[in-house]
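The next block holds one structure in the form of structure tokens; read it before the comments.
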Amino acid sequence: MSVSELSLALKRMVEGEFGHVRLRGEISGWKRAASGHAYLALKDADAVIDGVIWRGAASAIPFQPQDGIEVIVTGKLTTYPGRSKYQIVIERMELAGEGALMALFEKLKAKLAGEGLFDPARRKPLPYMPRTIGVVTSPTGAVIRDILHRLADRFPSHVLVWPVKVQGRAPLPRSPRRCRDSMRFPPTGRCRVLISSSSRAAAAQSRICGRSTRKSSSGQSRTATFR
């Protein structure tokens, strides 16, 4: 029997015996390649297994994976004959309960605090009765509809909407640019208040624009201009 024949036999045995599995473990060595594929290891106290996530599945992960976060993954167990290793091809990844979500939140909070974004000295008072309110969010969905509905009921204003994607990793680079765009309009059209529906976008806007932004868990207006 050749090495290749043995490797193929082992591959068939592993895939046939286990097929799809669901694993819980801590992310280690997370890396997103230029191709869009992601590579990582899952570990617990006594063992580790390598994993790969192809580009399509990696783009569908609803949070930003990073080392130290506990997750639950679903995928197919297989072998990699070139290195005599077995690995899991991950098709789905989710946070392992509220504890993992809280750990991710606290890590992000500490990072932003280290950048001075929560420093009271950097805060500016919100303007009283602004004529124009800017909203950086998706132009479709419940968020923008709710913002517009609340503003129409409680504080009718002219609303400028800068559409961005609010899922995946795209919001961060797009939202700061939208924030800068809001400063380029004539004085009558400038936004003195910006509302963001994305926590990452809000942090980026605070850092780049140097002004107050208010996050909204829900958000849209009856009279709005889309930029």
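The values are calculated or read from the model by the stated rules, or taken from the named source; none is laboratory data. Predicted, not measured: the structure shown is a model, and the values here were computed from it. Heads up, the Cβs are rebuilt from the backbone with ideal geometry, glycines too, and the neighbour counts pull from every protein chain shown. For accessibility, only protein heavy atoms count, side chains too; no ligands or nucleic acids. Shrake-Rupley method; radii C 1.70, N 1.55, O 1.52, S 1.80 Å.
Worth pointing out:
- For the range 118-128, backbone phi angles converted through the Karplus equation (6.51, -1.76, 1.60; θ = phi - 60°) give residue-by-residue couplings of 9, 5, x, 5, 8, 6, 10, x, 5, x, 7 Hz, Gly and Pro being listed as x.
- In sequence order, the range 72-80 has phi-based couplings of 10, 10, 10, x, 10, 7, 8, 10, 10 Hz under the Karplus curve 6.51 cos²θ - 1.76 cosθ + 1.60, θ = phi - 60°, and Gly or Pro positions carry x.
- Here the Karplus curve 6.51 cos²θ - 1.76 cosθ + 1.60, taken at θ = phi - 60°, turns the phi angles of the range 94-101 into couplings of 9, 5, 8, x, 5, x, 5, 5 Hz, with x standing for Gly and Pro.
- Peptides 72-81, 136-145, 55-64 ordered by packing proxy, namely the average of other Cβ atoms within 10 Å per residue, highest first: 136-145, 72-81, 55-64.
- For the range 74-126, the dipole from Cβ point charges (+1 on Lys and Arg, -1 on Asp and Glu) about the Cα centre works out to 200 debye, to the nearest 20.
- Solvent-accessible area of the range 35-117 (1.4 angstrom probe, protein heavy atoms only): carbon and sulfur portion equals 56 percent.
- Highest mean packing first, where packing is the average number of other Cβ atoms within 10 Å per residue, the peptides 4-10, 148-154 line up as 148-154, 4-10.
- In a simple Cβ point-charge model (Lys, Arg +1; Asp, Glu -1; nothing else charged), the range 1-68 has a dipole of about 280 debye relative to its Cα centre.
- Probing with 1.4 Å while keeping every protein chain in the model, the per residue accessible area of the range 30-167 equals 60 Å².
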